[in-house]
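The values are calculated or read from the model by the stated rules, or taken from the named source; none is laboratory data. Since we're looking at a predicted model, the values are computed, not measured. Every residue, glycine among them, receives a Cβ derived from its backbone with ideal geometry; neighbour counts consider all protein chains shown. With ligands, DNA and RNA removed, areas are computed over all heavy atoms of the protein, side chains included. Shrake-Rupley method; radii C 1.70, N 1.55, O 1.52, S 1.80 Å.
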Amino acid sequence: MVSTLQTQADEYRALTEGCGLVDRAGRGRLALTGPERREFLHGQVTQDIETLEPGHGRYAALLTHKGKMLSDLRVLDLGDELLLSCERAGLQELFNMIRRYKLGADVELHKRTLEMGELSLIGPDARTVAGAGDLGPAEHDNVRAQIGEHDVVLVATDLGVDVFCDAEVTEGVRGSLLAAGAVEVTEAAAELVRVESGRPRYGAELDANVIPQEAGLNERAVSFTKGCYVGQETVARLFYRGKPNRHLRGLKLSEPLEPGTPLRLGEKEVGRLASVAVSPAHGPIALALVRREAEPGATLAAGDGEATAEVVELPFAGRS
């Protein structure tokens, strides 16, 4: 998508002071219907889905038997169905799991990646632009609404509001949102504010080598009071008895660097850069999973040259 703005500074201003709009067509979407949909998904993912009620949602992870992440996902209870939204990198594993284990359960699986549009409104004016006066305050709260003449589902996010609609009306919904004050921005600009907020993304910071606690996801994505699910033993053991070897950290870079750049504390490699962005407020910044000895305040050597990376807590400090 070509941005309708001319500079990164304009995009950043829209996302942090107004309302930016970015198309999420690249994400994956599935839906579950049937009377046993909640019970079925409850037994497969890290969150408590059985107690989920219409109009609400939860963030969860799909794990291997060793507790490593195969996908993360938002589970949105729309009343007549559970809508699952995930990064495209984790879609196939999620699809395969449902196909494999739903046999015998009164559950139907529906593909929605191509059938639905998904737009993100990011910024302090997102709810006003979306007309989301009936939307609950908690992340993943959702409500059916209309934008223009089109039926939509509005979902509360940490940075604004996501809008789901039938694919064929996406352009009409987009036009109504732009007319209401949203400003179209690039995916790269949206990634910048995600990095600033310290939220990991599957396919970047998260992959099949990561345990949820390493990425700071226990509070958001894991229920420790629900019944069994795949990978529970590892997750529970690490939570109650152990310490993760790695933590998700923010990094303030001395210069822009490429994702994958190695990070060293002394002579020891302690991680590699994941997402990298240049922030108007903070300069070059990044997210990375680094070994626990690389604590906030440490300065790491980055790459083969003289570049450095200062380890900081997340999220990054308030914007200037």
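Counting heavy atoms of the protein chains alone, Phe239 has an accessible area of about 90 Å² for a 1.4 Å probe.
Take Asp207: with every protein chain present and a 1.4 Å probe, its accessible area is about 60 Å². Split the accessible area of the stretch 1-92 by element, probe 1.4 Å, and carbon with sulfur accounts for 48%.
Counting trypsin sites (Lys or Arg not before Pro) as exposed when in a DSSP loop with at most 15 other beta carbons within 10 Å, what is the longest stretch of the chain free of them? Each step should come with its number before you reach the end.
Working: sites that count: Lys66, Arg292, Arg319.
With trypsin sites (Lys or Arg not before Pro) excluded where exposed in loops, the chain gives 67-291 as its longest stretch.
When you filter the GluC sites (Glu not before Pro) in the stretch 10-69 for DSSP loop state and at most 16 other Cβ atoms inside 10 Å of their Cβ, you are left with Glu36, Glu50.
If you take the square roots of the eigenvalues of the alpha-carbon gyration tensor of the chain and sort them as a ≥ b ≥ c, do you get rounded (a/c under 1.5), prolate (a/b over b/c) or oblate?
Details: a/c = 2.13, a/b = 1.13, b/c = 1.88.
Taking the square roots of the gyration eigenvalues as a ≥ b ≥ c, the chain is oblate.
Using the Cβ-Cβ distance between Ser254 and Asp106 with R0 set to 41 Å, the FRET efficiency from 1/(1 + (r/R0)^6) comes to roughly 0.10.
At 0.36 nm per residue, minus the direct Cα-Cα distance, what do Thr225 and Ala281 gain on full extension? Give it in nm, one decimal, please. Numbers along the way, then the final one.
Numbers: separation 56, 0.36 × 56 = 20.16 nm, distance 4.02 nm.
Once the chain is fully extended between Thr225 and Ala281, it gains 16.1 nm.
Using the rule -39500 (n - 2.57) for each DSSP H run of four or more residues, divided by the residues of the chain, the 222 nm mean residue ellipticity is -6000 deg cm²/dmol. When His56, His150 are compared by accessible surface with a 1.4 Å probe, the order from highest to lowest is His56, His150.
Please say if the stretch 150-216 is rounded, prolate or oblate, where rounded means a/c under 1.5 for a ≥ b ≥ c the square roots of the C-alpha gyration tensor eigenvalues, and otherwise the choice is prolate for a/b larger than b/c and oblate otherwise? Numbers along the way, then the final one.
Numbers: a/c = 2.67, a/b = 2.02, b/c = 1.32.
The shape class here is prolate.
Quick one: net charge of Leu30's neighbours, Cβ under 9 Å, K/R +1, D/E -1? Neighbour charge sum, excluding Leu30 itself: +3.
Length gain on complete extension for the stretch Asn96 to Gln146, per 0.36 nm per residue less the alpha carbon to alpha carbon distance?
On the way: separation 50, 0.36 × 50 = 18.00 nm, distance 3.33 nm.
Taking 0.36 nm per residue and subtracting the Cα distance, the gain is 14.7 nm.
With all protein chains kept in place, the per residue accessible area of the chain amounts to 45 square angstrom at a probe of 1.4 angstrom. Where in the stretch 154-188 is the amide nitrogen less than 18 Å from a point lying 7 Å along the Cα-to-Cβ axis of Asp10? 178-188, by backbone N distance to the label point.
Counting only Cβ charges, +1 for Lys and Arg and -1 for Asp and Glu, the dipole size of the stretch 1-155 around its Cα centre is about 700 debye. Go ahead and collect, in residue order, the members of the stretch 100-142 whose backbone nitrogen is under 20 Å from a label point 7 Å along the Cα-Cβ direction of Glu168. Under cut-off, by backbone N: 110-119. Between the alpha-carbon centers of the stretch 25-98 and the stretch 260-300, tell me the distance in whole angstrom. Centre-to-centre (Cα) distance: 31 Å. Toward the positive end of the charge dipole of the stretch 208-320, with +1 on the Cβ of Lys and Arg and -1 on the Cβ of Asp and Glu, the farthest Cα among Ala236, Gly271, Pro296 is that of Ala236. Each other residue within a Cβ distance under 12 Å of Thr113 adds +1 if Lys or Arg and -1 if Asp or Glu, for a net charge of +3. Once you order the gyration tensor axes a ≥ b ≥ c over the Cα atoms, which shape class does the stretch 238-320 get: rounded for a/c under 1.5, otherwise prolate or oblate by comparing a/b with b/c? Oblate, because a/c is 1.5 or more while a/b does not exceed b/c.
Assuming R0 = 30 Å, can you tell me the calculated FRET efficiency for the pair Glu267 and Glu233, based on Cβ-Cβ distance, to the nearest 0.05?
Values: r = 35 Å, r/R0 = 1.18.
That gives a FRET efficiency of 0.25.
Keeping all protein chains in place and using 1.4 angstrom, which order do Ser223, Ser176 fall into by accessible surface area, from largest down? Show your work: numbers first, answer last.
On the way: Ser223 15, Ser176 40 Å².
The most accessible residue leads, giving Ser176, Ser223.
What number comes out for the charge environment of Tyr202, summing +1 per Lys or Arg and -1 per Asp or Glu over other residues with Cβ under 14 Å away? Result for the local shell: +2.
Suppose R0 equals 25 Å; then what is the FRET efficiency for Tyr240 and Asn209 from their Cβ-Cβ distance, rounded to the nearest 0.05? Efficiency, from the Cβ-Cβ distance: 0.70.
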